[in-house]
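Peer 1: This is the structure I want to talk about, given as structure tokens.
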Amino acid sequence: MKTHRIYYDDAYEREFSARVVHCELLPPDVNAGITSQALGLVLDRTAFYPTSGGQPNDLGKIGDASVLDVRDDGDEIMHVVDRRPGSPDVLGCIHWPRRFDHMQQHSGQHLLSAMFQERYGRPTVSFHLGTDFCTIDLRGPEPSEEILEGAERAANKIIFEDRPVTVRYGTAEDLAELGVRKEVDRKGILRAIEIEGADLQPCGGTHVKSTAQIGTLLVRRRTKMRQDWRVEFVCGSRAERAARQDFLRLRATAEKLSCAPEELVAAAERVVSERDSNFKRTRALLERLAEIEAAHAVREAAPNSGGLRVVDRVFEEDEPEFLGHFATQVAKTEKSVALLATSASGHVFFAQHPVSGKDMSALLKQVLAKIGGKGGGNRDFARGRLDAGAQAAKALALAREWLSGDSRGT
Ligand SMILES: [Zn+2]
């Protein structure tokens, strides 16, 4: 039996009486969020909107049963409920804030799509009404900021003019004659939604009765989506919430940067450029410090029996960049070798002056094979990382020992 869809002609009816014509047990459906057993209920008439055309289903009550999902089964509408209603004559009540929000978003979509199409020749190929924001996918080249702003302003102008939104019925030929935006080739009588003087398009969804009820429309981000451009937007209460959230975020960020919200972009640019120059300055200072400390360390190191000055040091602080500079600086002095490590993260640096005559890469390989870790390099410079930073001192002791031996580290 065909369910009479009350919302086709009156999207504002939120309470209705109906008769149960069919009731069946349904298995759990995890994808639809239904984890326990539920019942499928078909009524002779309903105001509940089933998920379709980009618009999510309504929620609410049928008698004392909660509606968990509403599905479009062709002629029939299936209400998924959590219990059997007490009597075959039931009173249905849809959760109005959710439905009205959907009506605002969906009507806004018709209007926005019409503006993109008419003014900029960008047809809408799909629509999605999400929990937080809505999207339409536009075919064609990337819509510029001017296009996004232009479509938003044109839509809001029509919202402020409070134009009637009405339902029209007719065959595909009738609608084509009336200038329908999206032509359809379906047979029979079709339903179309008209926004006076702005848009006519076939649709089975629920809409507000005049454009002012859309409230306002805000276009947000656009992102590339395969061959199309996805445009995010919000209407009505969602627009109000989005604007408030934006303001709170701007204010919190402005407080962090000690400026007025209007000065945020300039303040952020300043902070980023300060950060970049501080980064450069810190790097230069680290290099300079490494140079001084390395020179001092080389002077302090007494030459070993082979005439090599070996600087070995375990650093507690975790600055591998500093160690790299330090090792490089030590290796600038003839017959010098640097054996450095950090105890926190286990970074290891071995470096030598080219005439020192050893092989840093081979030495590191030997140490890592014994202690555990990864790394590599060339004859004069090698770096690696121990599996355990706590082994840093042991690693350096081994390296030093092998370095003084005749057959190792050469
Ligand atoms: Zn619609």
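Peer 1: For segment 214-361, what mean projected area does the convex hull of the alpha carbons give, in nm²?
Peer 2: Values: hull surface 64.5 nm².
Computing the convex hull of the Cα atoms and averaging its projections yields 16.1 nm².
Peer 1: In percent, what relative contact order does segment 281-404 have, based on Cα pairs under 8 Å that are 6 or more apart in sequence?
Peer 2: The normalised contact order for segment 281-404 reaches 22 percent.
Peer 1: Related question: Using a/c under 1.5 as the rounded threshold, could you call segment 4-94 rounded, prolate or oblate? The axes a ≥ b ≥ c are square roots of the C-alpha gyration tensor eigenvalues, and prolate needs a/b larger than b/c, oblate otherwise. Before the final figure, lay out the partial values.
Peer 2: Details: a/c = 1.66, a/b = 1.16, b/c = 1.43.
It is oblate, given that a/c is not under 1.5 and a/b is not larger than b/c.
Peer 1: A further question follows. Check cross-link reach from LYS365 to the lysines: straight Cα distance under 20 Å, and skip same-chain residues fewer than eight apart.
Peer 2: Once the sequence-local lysines are set aside, what remains near LYS365 is LYS374, LYS394.
Peer 1: Assign one of three labels to segment 281-404, namely rounded, prolate or oblate, based on the Cα gyration tensor with a ≥ b ≥ c the square roots of its eigenvalues; rounded applies when a/c is under 1.5, prolate when it is not and a/b is larger than b/c, and oblate otherwise. Spell out each step's value before the answer.
Peer 2: Details: a/c = 1.60, a/b = 1.05, b/c = 1.52.
It is oblate, given that a/c is not under 1.5 and a/b is not larger than b/c.
Peer 1: Would you mind checking which residues have amide H under 5 Å from ILE34's amide H? H placed 1.01 Å from N; only 5 or more apart, or other chain.
Peer 2: The answer is ASP29.
Peer 1: Then there is this: Taking springs between alpha-carbon atoms closer than 10 angstrom, which of GLY389, GLY40, GLY179 fluctuates most in the Gaussian network model of the chain?
Peer 2: GLY389
Peer 1: Per residue of the chain, what 222 nm ellipticity follows from adding -39500 (n - 2.57) for every DSSP H run with n ≥ 4, rounded to the nearest 500?
Peer 2: Working: 8 runs with 141 residues, N = 410.
Computed ellipticity for the chain at 222 nm equals -11500 deg cm²/dmol.
Peer 1: On to the next question. Mind pulling the per residue volume of the convex hull built on the Cα atoms of segment 100-255? Å³ is fine. Intermediate values should be presented prior to the final figure.
Peer 2: Details: hull volume 18.6 nm³, N = 156.
Looking at segment 100-255, the number lands at 119 Å³ per residue.
Peer 1: Which residue fluctuates most in the GNM of the chain (Cα springs below 10 Å): GLY60, GLY205, GLY376?
Peer 2: Among GLY60, GLY205, GLY376, the largest mean-square fluctuation in the Gaussian network model of the chain belongs to GLY376.
Peer 1: Hey, if you put +1 on the Cβ of every Lys and Arg and -1 on every Asp and Glu Cβ in the chain, which of LEU41, PHE381, PRO164 ends up farthest toward the positive end of that dipole?
Peer 2: Of the options given, the answer is PHE381.
Peer 1: Additional query: Membrane-span-like helices in the chain: DSSP H runs reaching 24 Å or more (Cα, own axis), mean Kyte hydropathy at least -0.5? Mind dumping the intermediate values first?
Peer 2: Details: long enough: 96-120 (35 Å, -1.24); 236-256 (31 Å, -1.09); 264-300 (53 Å, -0.29).
Taking the DSSP H segments of the chain (at least 24 Å long, mean hydropathy at least -0.5), we get 264-300.
Peer 1: Would you mind calculating the gained length between ALA302 and ASP246 on full extension (0.36 nm times residue separation, minus the Cα-Cα distance), in nm to one decimal? Could the numbers behind the result be given before it?
Peer 2: On the way: separation 56, 0.36 × 56 = 20.16 nm, distance 6.49 nm.
Value of the extension gain: 13.7 nm.
Peer 1: Separate question: What ranking of TRP229, TRP402, TRP96 emerges when the number of other C-beta atoms within 10 Å of each C-beta is taken as an exposure proxy, fewest first? List each step's numbers first, then the result.
Peer 2: Details: TRP229 21, TRP402 18, TRP96 14.
Ranked by crowding around the Cβ, least crowded first: TRP96, TRP402, TRP229.
Peer 1: Starting from the Cα of LYS182, step 7 Å along the direction of its Cβ; do the same at THR35; then give the gap between the two resulting points in nm.
Peer 2: 3.6 nm
Peer 1: Can you sort HIS102, HIS110 from fewest to most other Cβ atoms within 10 Å of each residue's own Cβ? Don't skip to the answer; put the middle values down first.
Peer 2: Values: HIS102 23, HIS110 26.
Ranked by crowding around the Cβ, least crowded first: HIS102, HIS110.
Peer 1: Between GLU146 and LYS374, what is 0.36 nm times their sequence separation minus the Cα-Cα distance? Round to one decimal in nm. Working shown, then result.
Peer 2: Details: separation 228, 0.36 × 228 = 82.08 nm, distance 5.38 nm.
Answer, rounded to one decimal: 76.7 nm.
Peer 1: What nm value, rounded to one decimal, do you get for the distance between GLU173 and VAL272 when each label is placed 7 Å out toward the C-beta?
Peer 2: So the label points at GLU173 and VAL272 sit 6.0 nm apart.
Peer 1: With springs only between Cα atoms under 10 Å apart, run a GNM on the chain and tell me which of LYS280, LYS394, LYS61 wobbles the most.
Peer 2: Highest fluctuation of the listed residues: LYS394.
Peer 1: For the chain, state the average projected area of the convex hull of the C-alpha atoms over all orientations, rounded to one decimal in nm².
Peer 2: Details: hull surface 125.7 nm².
Seen from a random direction, the Cα hull of the chain projects 31.4 nm² on average.
Peer 1: Moving on. Could you grab the relative contact order for segment 4-94? Cα pairs under 8 Å, six or more apart, rounded to a whole percent.
Peer 2: Numbers: 203 pairs, mean separation 29.0, N = 91.
Once normalised by length, the contact order is 32 percent.
Peer 1: Please report the antiparallel percentage of DSSP beta bridges with both residues in the chain, rounded to the nearest 5. Can you show the working numbers first?
Peer 2: On the way: 72 of 81 bridges.
Roughly 90 percent of the DSSP beta bridges within the chain come out antiparallel.
Peer 1: What's the exposure ranking of HIS95, HIS353, HIS207, going from fewest to most Cβ atoms within 10 Å?
Peer 2: On the way: HIS95 15, HIS353 20, HIS207 26.
Ranked by crowding around the Cβ, least crowded first: HIS95, HIS353, HIS207.
Peer 1: For the chain, what relative contact order do you get, as a whole percent, if you take Cα pairs closer than 8 Å and at least 6 residues apart? Before the final figure, lay out each step's value.
Peer 2: Working: 821 pairs, mean separation 37.1, N = 410.
This gives 9 percent for the chain.
Rule-based calculations on the coordinates, nothing more; no lab input. Values in this document were obtained by computation on a predicted structure and should not be read as measured data. Don't worry about glycine lacking a Cβ; one is built from the backbone with ideal geometry, like all the others, and counts go over all protein chains shown.
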